[in-house]
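Remarks on the structure that follows.
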């Protein structure tokens, strides 16, 4: 597809997806396949791009979660419609694809699994969050050439490590990928990835390389900073304490509906979780990128930036006790927000 | 299908699903369709029954969560393969199907949506947990004849009510169904359902009836007992306090792995959540059925019943303060366990 042609097709598909036009979207995808476009390209250029736009539109409050779910449902239908039924024997080996433990966003892993299958790999996709013990039992029986772990958000980093560790204990190499690692492959290495699963080509060349010379898998488990783990496990309670303080700092909260209060609590919990994620891999941009995202989400819903700033301030006293370096990160986040356009 | 024939077919499909044999399972389902079985029957008798068996097998520790996810993935593929592409205009009206807010188990709602579509309804399935505000925006635009809310477990009852309330505020009648209401339709009425969505025939006859004589929708919101709501919102904290007490009551806990400790905490939280669910609808069998289920889950994983009993005892002091009638329910639960075979 050339660029112009592609943009037209993409927006045609994207509109049908948002509008719940499953039949039209499925026929469109099947026609693209019939006219010679590869499954892998359709998945990557149409489905994944449309899904990403859906996320961006939600962020800007242009569509609701319900619209998002409708679009995802249509895209899933189209994905199944173009999925390989792989009549021949897979020739490129076998992989198991799992989401990070705790990560319920399975669509990206599903799309990537179908891309891999379409080029001749035997793929088992384990779907959303699977406990690492169960992944262990499964791959011990199946013995795939590699385990691929997908992770949509940095808050599931500890769930990447728990799965990578069980694979390594069995001598199975691990490829980690997903949106949480885009532009920052070193994060994946810090979590135990033997190589980064950036895109289809990356994974294929890595697997080809490993077929030639099998990797030496280090079965020593990755141990994440237990102090940060403790912070993560306390995020609900820290958020509740910060919420109580925030009610004294930001008076409009007293007018919030129960739902708005729940969302505020949830945001405070995410702030703690993203702080922990940034600390796990020593990368503060995880935290500032999250703040920029949350700031746009809130402002497009008419919540002023000062509310977010006061939320961070309400958290600091909790964090300086629980995790001083997390407290410093949040302090840096305040400076970041003050300078944000 | 007659019964013998059906059992054979079902177990053939079920084995393929557990074994990740997507192609075989899809071909089997498409062949069933070609040989004259209706989509609705295939979905209900093969897919839904197989999914239920998967749950039972997990409960008895015969399969892992990974196996469960593989089987669900195969079943989803087969479901898409037999899904109606509804070339003609839907003639029986339109519905929106949503999962209860908080309920991430979307498979049953997806299967039910496809059953409804296959007989001539225009169906929009909103997928897993959608916030009620977003459901409201969506159905206000679409104006379906009815909203169907599916709920897999009683712990999502408050998420049924929040969605039913927004539909009623817009004058849209609500049908509630799902595993949480099986054999107990009165629970659905207590949560605001205008009629119970037991199975396909139920829903079709109710919608036909409503087409003849549109229901008077009461737009007064259902208000759940706020004391129980408070209990529910505190379940994580109460579970943590009970866990601390349990470590003194049940010494083997000191030997638990971090993962086993996490699971114990999670079980304690579920106990609180199921207590709240039973209280919301005044039906203590919700709590005792959950205990019987959890007892089998734990014992098949070599956790003795006494651990569960001590878990309940550790919770009682928390509950008698937070919610005395919840405390009495847990006390009854202890008697129930003592008499369980």
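The values are calculated or read from the model by the stated rules, or taken from the named source; none is laboratory data. This structure is a prediction, so every number in the text was calculated from the model and none was measured. Here the Cβ positions follow ideal geometry from the backbone for every residue, glycine too, while neighbour counts run over all protein chains shown.
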(request) Look through region B:87-105, keep the residues that are in contact with a strand residue (DSSP E or B) (Cβ under 6 Å, 6 or more places away or on another chain) and facing another protein chain (nearest Cβ under 9 Å), and return whichever of them is surrounded by the fewest Cβ atoms within 10 Å (Cβ to Cβ). (result) B:96
(message) I'm checking my understanding of the structure. Among residues of region A:204-231 that are within 12 Å of chain B (Cβ to nearest Cβ) and assigned to a helix (DSSP H, G or I), which one is farthest from residue A:311 (Cα to Cα)?
(response) A:226
(message) Please determine whether any residue of region B:107-120 is buried (at least 24 other Cβ atoms within 10 Å of the Cβ) and not in a helix (DSSP H, G or I).
(response) no
(request) Could you tell me whether region A:69-78 includes any residue that is part of a helix (DSSP H, G or I), within 12 Å of chain B (Cβ to nearest Cβ), surrounded by 23 or more Cβ atoms within 10 Å (Cβ to Cβ) and touching a residue at least 60 places away in the same chain (Cβ under 8 Å)? (result) yes
(request) Kindly provide the set of residues from region A:125-153 that are within 9 Å of another protein chain (Cβ to nearest Cβ), outside any helix (DSSP H, G or I) and touching a helix residue (DSSP H, G or I) at 6+ places or on another chain (Cβ under 6 Å), ordered by number. (result) A:125, A:126, A:127, A:130, A:131
(request) Identify the single condition in (1) away from chain A (no Cβ under 11 Å); (2) touching a residue at least 40 places away in the same chain (Cβ under 8 Å); (3) over 23 Å from the mean Cα position of the chain (by Cα) that residue B:84 does not satisfy, given that it satisfies every other one. (result) (1)
(message) Just checking, does region B:190-197 include any residue being part of a helix (DSSP H, G or I) and either over 17 Å from residue B:159 (Cα atoms) or assigned by TED's automatic domain parsing to the domain that holds residue B:97 (or both)?
(response) yes
(request) Collect the residues in region B:232-254 that are assigned to a loop (DSSP other than H, G, I, E, B) and modelled with pLDDT of 95 or more, keeping them in residue-number order. (result) B:250
(request) Report yes if some residue within region A:281-291 is surrounded by fewer than 16 Cβ atoms within 10 Å (Cβ to Cβ), in a helix (DSSP H, G or I), in contact (Cβ under 8 Å) with a residue 24 or more places away in the chain and in the same structural domain as residue A:238 (by TED's automatic domain parsing); otherwise report no. (result) yes
(request) Scan (1) more than 12 Å from chain A (Cβ to nearest Cβ); (2) within 30 Å of residue B:136 (Cβ to Cβ) for the single condition residue B:55 breaks and write down its number. (result) (2)
(request) Output the number of residues of region B:126-166 satisfying the condition of being under 20 Å from the mean Cα position of the chain (by Cα) and under 24 Å from residue A:62 (Cβ atoms). (result) 11
(request) Given the conditions (1) surrounded by fewer than 24 Cβ atoms within 10 Å (Cβ to Cβ); (2) in a helix (DSSP H, G or I), report the number of the one that residue B:171 does not fulfil. (result) (2)
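One line per residue, one yes/no per condition, for (1) buried (at least 24 other Cβ atoms within 10 Å of the Cβ); (2) over 17 Å from residue B:137 (Cα atoms); (3) touching a residue at least 24 places away in the same chain (Cβ under 8 Å):
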{"site": "B:152", "(1), (2), (3)": "no, yes, yes"}
{"site": "B:160", "(1), (2), (3)": "yes, no, yes"}
{"site": "B:182", "(1), (2), (3)": "no, yes, no"}
{"site": "B:193", "(1), (2), (3)": "yes, yes, yes"}
{"site": "B:200", "(1), (2), (3)": "no, yes, yes"}
(request) Among residues belonging to region A:106-117 that are in contact (Cβ under 8 Å) with a residue 40 or more places away in the chain and within 18 Å of residue B:21 (Cβ to Cβ), point out the one that is farthest from the other protein chains (Cβ to nearest Cβ). (result) A:116
(request) Could you tell me whether residue B:164 is closer than 27 Å to residue B:227 by Cα, in contact (Cβ under 8 Å) with a residue 40 or more places away in the chain and either facing another protein chain (nearest Cβ under 9 Å) or surrounded by fewer than 19 Cβ atoms within 10 Å (Cβ to Cβ) (or both)? (result) no
(request) Would you mention how many residues in region B:41-50 are in contact (Cβ under 8 Å) with a residue 60 or more places away in the chain and either within 14 Å of another protein chain (Cβ to nearest Cβ) or buried (at least 21 other Cβ atoms within 10 Å of the Cβ) (or both)? (result) 2
(request) Could you grab me the full set of residues in region B:313-335 that are closer than 23 Å to residue B:254 by Cβ and surrounded by 22 or more Cβ atoms within 10 Å (Cβ to Cβ)? (result) B:314, B:315, B:318
(request) Return the only residue of B:199, B:194 being within 30 Å of residue B:52 (Cα to Cα) and at pLDDT below 95. (result) B:199
(request) Please work out if residue B:59 is surrounded by fewer than 19 Cβ atoms within 10 Å (Cβ to Cβ), touching a helix residue (DSSP H, G or I) at 6+ places or on another chain (Cβ under 6 Å) and at pLDDT 95 or above. (result) yes
